[in-house]
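Below is one structure, written out as structure tokens; comments come after it.
The numbers here are math on the coordinates, done by the rules we state, and not lab data. Every value quoted in this text rests on a predicted model; they were computed, and no experiment measured them. No Cβ is skipped: glycine too gets one built from the backbone with ideal geometry, and neighbour counts run over all protein chains shown.
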Amino acid sequence: MINDTFLQKIANVVIQDYADKLSEITIILPNKRAKVFLIEALKKEINKTIIAPEITSIEDFVQDIASIRSIDSIELLFEFYEVYLSITEKKNQQSFELFANWAKTLLQDFNEIDRYLLDPSHVLSYLKDIEDIKRWGLEIDQKTKLLENYIDFWKLLPLYYDSLYNHLLFKSIGYQGLIYREAVNNLNHFSNTIGNRTFVFAGFNALNAAEEKIVQHLLALDQAKIYWDSDQTFLNDPYHDAGLFLRRFKESWKYYKTNDFDWIVDDFSQSKNIQIIGTPKTIGQAKLAGAIIENLIEQDPSASLDKVAVVLGEENLLVPVLYSLPASVGALNITMGYSGKNNPSQIFVAKLFKMHTNALSRKGASYVFYYKDVLDILTHPLVEPYAHAEKLVKIIKENNYTFITHQKILELHPEYSSFFNLLFEKWENGSIAVLNNISSLLILIKQHFSNDNEEEKIAKAFVYGVFKVVNKLINYYSKHNHIDNIDTLHAIYKQIIDLAEVSFEGEPLRGLQIMGVLESRVLDFETVIITSMNEGKFPAGKSQNSFIPYDVKKELGLPTFKEKDAIYTYHFYHLLQRAKNIYLIYNTENDGLDAGERSRFITQLEVEKKASHHITLDIYNPDLPNTANEPISVAKSEAVMLRLKEIAEAGFSPSALTSYIRNPIDFYFQKILRIREVEEVEENIALNTLGTIIHETLKALYFPFIGKFISENDILNCFKLLDDEVLKQFKLVYKEGEIKKGRNLLAFEVAKRNVSNFLRMELESIKNDEAIRIIALEQTFQREFIHPKLPFPVLIKGNVDRIEQRDGKIRIIDYKTGKVEKSNVILKTWNGLTQELKNDKIIQVLAYAFMFEKEAGNLPVEVGIISFKNLKSGFLPFGYKEEKELNTTVTSEIMNSYLDEIANLLSEIFDITIPFEEKS
């Protein structure tokens with residue numbers, strides 16, 4: 001156990017020194033969260049009922065001094081835009097989305113200038129002078145309009161600052177910096193009105209200039225006390241960043257010329273177990289954190305997790321960590337901001353914007369939805385369980401709806417549902433109506449979650465986070481309706497959702513604590529697990545979003561990345577200061593977007609190792625199988641054998657046989673389990689759909705000639721009917737799909753060209769005096785196959801594209817839209833016919849010959865393929881090449897040899913001892 005946490009020490013001092021006047025003291029902490037823990041510490045120090053002292057955060061305290069209400073970054077952006085429009089000529093005014101791009105950065109700089117009490121006109125005119133110097137010596141004719149506008153922007157900065165400052169002050173609202181500046185201006189008045197009240201500042205590290213001034217002012221008047229949490233290891237080392245600020249205050253504050261520096265402790269050098277563990281990828285860190293907690297529970301199931309903290313170096317680890325925690329964790333408390341950008345509910349709203357803005361912007365059409373946008377919404381996890389639109393999704397997929405009108409959507413989903421109607425309500429009544437629509441949707445979604453389930457509570461928090469942003473926007477749009485345009489609203493939403501953080505509710509004193517780095521301030525834990533211990537993540541790196549250059553910041557005393565690093569360093573070492581067991585997890589991958597080398601803090605711990613620190617280094621690699629996946633093997637049960645017999649009675653098609661040769665497991669899924677492929681919308685016509693259209697067109701054109709000899713006039717007539725017939729077949733097969741544009745128009749022309757080329761080939765044959773009589777088109781044939789190798793008769797059944805009599809021979813034709821060469825239908829040996837997939841076309845056409853053998857009578861039969869991508873080769877007959885002689889007629893010897901091979905294949909399929917083995 002931690003013997004003496006910092007907050008327990010503060011509670012002890014408060015009870016001892018101020019026992020008789022607790023109601024007259026105010027304790028000021030770095031953040032609001034520590035208040036709950038301090039009250040708990042106070043409870044432990046007393047055994048009677050008392051009125052607790054006032055406890056507040058530094059921000060709330062400064063707000064009280066200034067008497068100005070703080071506004072959030074979203075409201076500030078709107079207020080600034082209002083000021084910008086009022087001081088900028090109409091012709092030079094930018095849209096909100098362009099304005100917001102630079103305004104967010106500028107507001108951060110205004111904030112820093114005020115927090116550090118600098119003269120804004122000096123700083124901002126300094127920036128303008130720097131830009132002027134950069135362009136020193138440019139001739140008048142070289143100054144473009146763009147360059148002049150750029151210089152004007154820097155000239156306007158002091159005006160922007162003054163106008164915004166006065167505008168906010170007039171409304172008694174402000175951003176943090178303004179409130180701090182006004183608090184300093186109001187200090188004398190404040191200290192004169194507080195009477196006997198004493199202020200206790202506890203647990204601070206870095207203070208900005210305004211905070212320093214406030215604290216020193218109250219200390220000088222003996223109206224305050226301040227207690228630091230400084231460890232001598234860092235404070236006495238002039239180079240250690242964890243003590244950077246405390247050393248500065250100790251040396252420079254006038255108060256410390258005559259007063260002690262409270263408190264300096266020696267906790268960091270005490271005994272600690274530090275495990276440094278590297279693991280690949282972000283998700284690996286989440287899994288590892290979960291495994292560590294599971295291990296802690298296994299070691300002592302009765303132990304409480306109250307003194308265990310998981311500190312996330314990057315917030316996007318929150319959801320993976322939550323899913324990685326063992327079920328035995330029980331109580332959980334999440335205290336960290338989670339960016340609106342990564343929020344699942346915001347992804348839903350983004351998709352909603354996409355669907356409606358696309359529908360609105362479709363030229364020449366009134367409110368037409370794109371199918372992908374519709375399916376994205378209807379299959380979203382926050383929508384799918386409650387929209388009850390499974391039928392609609394199925395209809396869209398089966399009928400190839402690419403673009404769907406608003407009216408059609410409502411027709412296809414006739415069951416009334418307020419949720420569904422809200423999803424597809426037209427966004428035509430302005431921005432406030434749109435925001436109200438989104439707000440109503442989020443309320444309906446939120447109602448479906450329960451408070452009993454931990455996962456649903458988190459999902460609810462995500463929904464509520466976005467709901468708050470949308471409602472703020474409704475409020476702001478009511479006051480600032482400058483541009484009522486959906487595209488602008490979308491741009492504003494995208495700008496501000498980044499600023500919207502989700503807060504989670506929990507029981508702070510019970511269970512496992514999951515927090516961000518800043519939330520760990522002032523708190524002490526026995527076991528600490530810190531993730532993302534990589535450079536660029538922890539510490540955060542040198543990136544700074546500011547218009548003020550580094551050297552100017554350094555000169556003016558504004559914080560640079562050096563100070564930000566020092567803040568991170570203090571937080572890191574403070575987490576370790578009183579902890580007994582420490583786990584530092586980092587990503588071992590040093591390339592890619594989400595990687596970086598191991599954090600310098602880890603190296604620092606190793607180099608400056610204390611005698612009582614036990615440090616171990618490990619690399620944690622998840623167990624990986626030797627092979628990515630084992631081939632599936634399914635043994636044949638009695639039920640499988642019954643199903644095979646069923647298929648044998650109903651009919652084995654040639655494609656079923658080739659499916660088994662290709663991959664027995666596919667045959668198992670398709671024929672035994674009867675699993676169909678998922679229906680998808682064909683936005684662009686697939687090859688198999690194109691093939692179906694060509695097949696069906698030829699069937700329709702040739703259907704009147706069944707049983708007749710074809711004449712030249714018949715073919716010429718087919719040419720006249722060609723265009724209409726292809727269009728008709730397209731509509732039948734492709735249903736509601738768009739066929740007048742893009743790739744589909746090309747596919748339409750390809751289908752026409754293929755059929756037209758086929759008709760030309762046919763016409764050429766007739767002109768060469770070939771007598772062609774059509775016997776059958778797209779007709780199903782079947783024949784029972786009995787063989788000594790088979791346990792029972794098997795029906796061979798299939799659909800034949802075309803059978804004709806040509807010059808005294810029966811010709812059975814299979815159309816292929818892909819490319820087939822002559823060599824694909826020539827066979828040199830029967831051995832292994834059914835072992836190789838390259839023989840699939842031969843297996844198929846000879847099956848047709850077997851099925852039609854009796855109907856052919858005594859006429860010689862030839863079977864083959866017409867390939868639409870190889871029409872110049874004409875009919876490609878099956879041929880058996882024995883030595884040098886090629887035989888293209890299907891003789892009884894050929895048929896017997898073929899059937900022997902088919903019997904071998906079928907006997908393998910029916911063999912109960914041979915499982916269905918997946919081919920790699």
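With charges only on Cβ, +1 for K and R and -1 for D and E, what is the dipole size of the chain about its Cα centre, in debye, rounded to 20? Could the numbers behind the result be given before it?
Values: 105 positive and 127 negative charges, 312 e Å.
About 1500 debye.
What nm distance separates the two modelled labels at ASN185 and TYR126, each placed 7 Å from Cα along Cα→Cβ?
2.1 nm
With the cut-off at 28 Å, tell me which of the pairs LYS43/LYS537; LYS408/LYS816; LYS351/LYS457; LYS351/LYS731; LYS854/LYS919 have Cα atoms farther apart than that.
On the way: LYS43/LYS537 38 Å; LYS408/LYS816 37 Å; LYS351/LYS457 23 Å; LYS351/LYS731 31 Å; LYS854/LYS919 37 Å.
Exceeds cut-off: LYS43/LYS537; LYS408/LYS816; LYS351/LYS731; LYS854/LYS919.
Number of Lys-Lys pairs in the range 73-175 under 21 Å by Cα, sequence gap 8 or more or different chains?
So the count of such lysine pairs works out to 16.
Taking only C-alpha pairs under 8 Å that are 6+ residues apart, what is the relative contact order of the range 342-502 in percent?
Working: 136 pairs, mean separation 36.8, N = 161.
RCO, the range 342-502: 23 percent.
Can you list, bin by bin at 10 Å, the percent of alpha carbon pairs in the range 638-917, starting at 0?
The calculated distribution, bin by bin, is 6, 26, 32, 25, 10, 1.
Once the piece of chain linking LEU22 and HIS217 is laid out straight, how much longer is it, given 0.36 nm per residue of separation minus the C-alpha distance between them? Write down the numbers at each step before the final one.
On the way: separation 195, 0.36 × 195 = 70.20 nm, distance 2.22 nm.
Here the answer is 68.0 nm.
So what is the diffusion coefficient of the range 615-718 in µm² per second by Stokes-Einstein at 37 °C and 0.692 mPa s, using a Kirkwood Rh over Cα pairs?
Details: Rh = 19.6 Å.
This corresponds to a translational diffusion coefficient of 168 µm²/s.
Separation of the range 211-239 and the range 1-60 by C-alpha centroid, Å?
18 Å
For SER756, what charge total do you get from the other residues with a beta carbon under 12 Å from its beta carbon, if Lys and Arg give +1 and Asp and Glu give -1? Working shown, then result.
Working: positive: LYS720, LYS752, ARG753, ARG760; negative: ASP723, GLU725, GLU749, GLU762.
Result for the neighbourhood of SER756: 0.
Starting from the Cα gyration tensor of the range 539-601, take the square roots of the eigenvalues, sort them a ≥ b ≥ c, and report rounded, prolate or oblate (rounded when a/c is under 1.5, otherwise prolate if a/b is larger than b/c, else oblate). Mind showing how you got there, number by number?
On the way: a/c = 4.20, a/b = 1.45, b/c = 2.90.
In terms of gyration-tensor shape, oblate.
State the extension gain, in nm to one decimal, for the chain segment bounded by GLN407 and SER73, taking 0.36 nm per residue of separation less the distance between their alpha-carbons. Don't skip to the answer; put the middle values down first.
On the way: separation 334, 0.36 × 334 = 120.24 nm, distance 4.03 nm.
Between GLN407 and SER73, full extension yields an extra 116.2 nm.
For a test of the definition: using alpha carbon positions, the gyration tensor, and the 1.5 limit on a/c, classify the range 342-502 as rounded, prolate or oblate. Numbers along the way, then the final one.
Numbers: a/c = 2.00, a/b = 1.15, b/c = 1.74.
Oblate.
How many nm is it between the label spots at HIS167 and ALA611, if each spot is 7 Å from the Cα in line with the beta carbon?
6.4 nm
Would you please give the residues with an amide H less than 5 Å from that of ILE615, counting only those at least 5 places away or on a separate chain, with H modeled from the backbone geometry?
Here ILE274 satisfy the definition.
I'd like the FRET efficiency for ASP623 and LEU98, computed as 1/(1 + (r/R0)^6) with the beta carbon distance as r and R0 of 41 Å, rounded to 0.05.
It comes to 0.20.
Taking every pair of distinct Cα atoms and averaging 1/r, then inverting, what Kirkwood hydrodynamic radius in Å comes out for the range 486-537?
Values: mean 1/r = 0.0678 Å⁻¹.
By the Kirkwood definition, the hydrodynamic radius is 14.7 Å.
Output ³J(HN,Hα) for the range 42-53: one whole-Hz value per residue in order, computed from phi by the Karplus curve 6.51 cos²θ - 1.76 cosθ + 1.60 with θ = phi - 60°, and x for Gly and Pro.
5, 4, 5, 8, 10, 10, 9, 7, 9, 8, 5, x
Where nothing but the Cβ of Lys and Arg (+1) and of Asp and Glu (-1) is charged, how large is the charge dipole of the range 638-917 around its Cα centre, in debye to the nearest 20?
Working: 38 positive and 43 negative charges, 124 e Å.
So the magnitude is around 600 debye.
Points 7 angstrom from Cα along the Cβ direction at GLU638 and ARG760: gap in nanometres?
Label at GLU638, label at ARG760, 6.3 nm between them.
Would you kindly derive the ³J(HN,Hα) couplings of the range 306-320 from the backbone phi angles with the Karplus curve 6.51 cos²θ - 1.76 cosθ + 1.60 (θ = phi - 60°), listing them in order in whole Hz, with x for Gly and Pro?
Going residue by residue, I get 4, 9, 10, 10, 9, 9, 8, x, 9, 5, 6, 7, 4, 5, x Hz, with x marking Gly and Pro.
Of all DSSP beta bridges located in the chain, what percent are antiparallel, nearest 5? Don't skip to the end; give the middle numbers.
Numbers: 32 of 89 bridges.
Antiparallel bridges make up about 35 percent of those DSSP assigns within the chain.
Got the relative contact order for the range 638-917 handy, in percent, Cα pairs under 8 Å and 6 or more residues apart?
Details: 405 pairs, mean separation 55.7, N = 280.
After rounding, I find 20 percent.
Using the alpha carbons of the chain, what is the convex hull volume per residue in cubic angstrom, as a whole number?
Details: hull volume 250.8 nm³, N = 920.
In the chain, the Cα hull volume divided by residue count equals 273 Å³.
Tell me, rounded to the nearest percent, the portion of alpha carbon pairs in the range 73-175 spaced more than 16 Å apart. Provide the component values of the computation, followed by the final result.
Working: 3209 of 5253 pairs.
The answer is 61 percent, as a whole percent.
Bin by bin, in steps of 10 Å, what percent of the Cα pairs in the range 411-564 do you find, going until the bin that has the longest distance?
Histogram of Cα-Cα distances, whole percents per bin: 8, 23, 25, 25, 15, 4, 1.
Which shape class applies to the range 693-802: rounded if a/c is under 1.5, otherwise prolate when a/b exceeds b/c and oblate if not, where a ≥ b ≥ c are the square roots of the Cα gyration tensor eigenvalues?
On the way: a/c = 2.89, a/b = 1.38, b/c = 2.09.
Oblate, since a/c reaches 1.5 and b/c is not below a/b.
Which whole-percent values make up P(r) of the range 490-614 when all C-alpha to C-alpha distances are grouped in 10 Å steps starting at zero?
Histogram of Cα-Cα distances, whole percents per bin: 10, 31, 34, 21, 4, 0.
Could you list which residues have their amide H under 5 Å from that of GLN779, counting only those 5 or more apart in sequence or on another chain, with H placed in the peptide plane?
So GLN779 has HN proximity to VAL800.
Going highest first, how would you order 873-882, 576-585, 210-219, 50-59 by mean Cβ packing within 10 Å?
Numbers: 873-882: 18.3, 576-585: 21.9, 210-219: 20.4, 50-59: 16.0.
Per-residue Cβ counts within 10 Å, averaged per peptide and sorted highest first, yield 576-585, 210-219, 873-882, 50-59.
Give me the lysines in straight-line cross-link reach of LYS213: C-alpha distance below 23 Å, same-chain residues under 8 apart excluded.
Straight-line reach from LYS213, under 23 Å: LYS32, LYS225, LYS250, LYS254, LYS257, LYS553, LYS554, LYS562, LYS564.
For Cα pairs less than 8 Å apart in space and 6+ apart in sequence, what is the mean separation divided by the residue count of the chain, i.e. the relative contact order in percent?
13 percent
As an exercise, use a Förster radius of 41 Å and the Cβ-Cβ distance of GLU415 and LEU85 to find the FRET efficiency, rounded to the nearest 0.05. The partial results should precede the final answer.
Details: r = 47 Å, r/R0 = 1.15.
With a Förster radius of 41 Å, E is 0.30.
Taking only the alpha-carbon atoms of the range 1-111, what semi-axes of the equivalent ellipsoid follow from 5 times the gyration tensor eigenvalues under a square root, in whole Å, largest first?
Values: eigenvalues 436, 43, 17 Å².
The three semi-axes for the range 1-111 are 47, 15, 9 Å.
For SER304 and ASP260, compute 0.36 nm times the residue count separating them, minus their Cα-Cα distance, and round to one decimal in nm. List each step's numbers first, then the result.
Details: separation 44, 0.36 × 44 = 15.84 nm, distance 3.80 nm.
Length gained, SER304 through ASP260: 12.0 nm.
At 222 nm, what helix-only mean residue ellipticity would the chain give, in deg cm²/dmol to the nearest 500, using -39500 (n - 2.57) for each DSSP H run of four or more? Present the calculation step by step, with values, prior to reporting the outcome.
Numbers: 34 runs with 444 residues, N = 920.
That calculation yields -15500 deg cm²/dmol at 222 nm.
Going by amide H atoms built from the backbone, whose H comes under 5 Å of the H on LYS225, apart from near neighbours?
PHE199, VAL200, PHE201
Go ahead and run the numbers for FRET between ARG674 and MET895, Cβ-Cβ distance against an R0 of 35 Å, rounding to 0.05.
Working: r = 31 Å, r/R0 = 0.90.
Here the calculated transfer efficiency is 0.65.
Taking θ as phi - 60°, what are the ³J(HN,Hα) couplings along the range 467-476 by the Karplus curve (6.51, -1.76, 1.60), each to the nearest whole Hz, with x for Gly and Pro?
With the stated coefficients, the range 467-476 comes to 4, 4, 5, 4, 5, 5, 4, 4, 4, 5 Hz.
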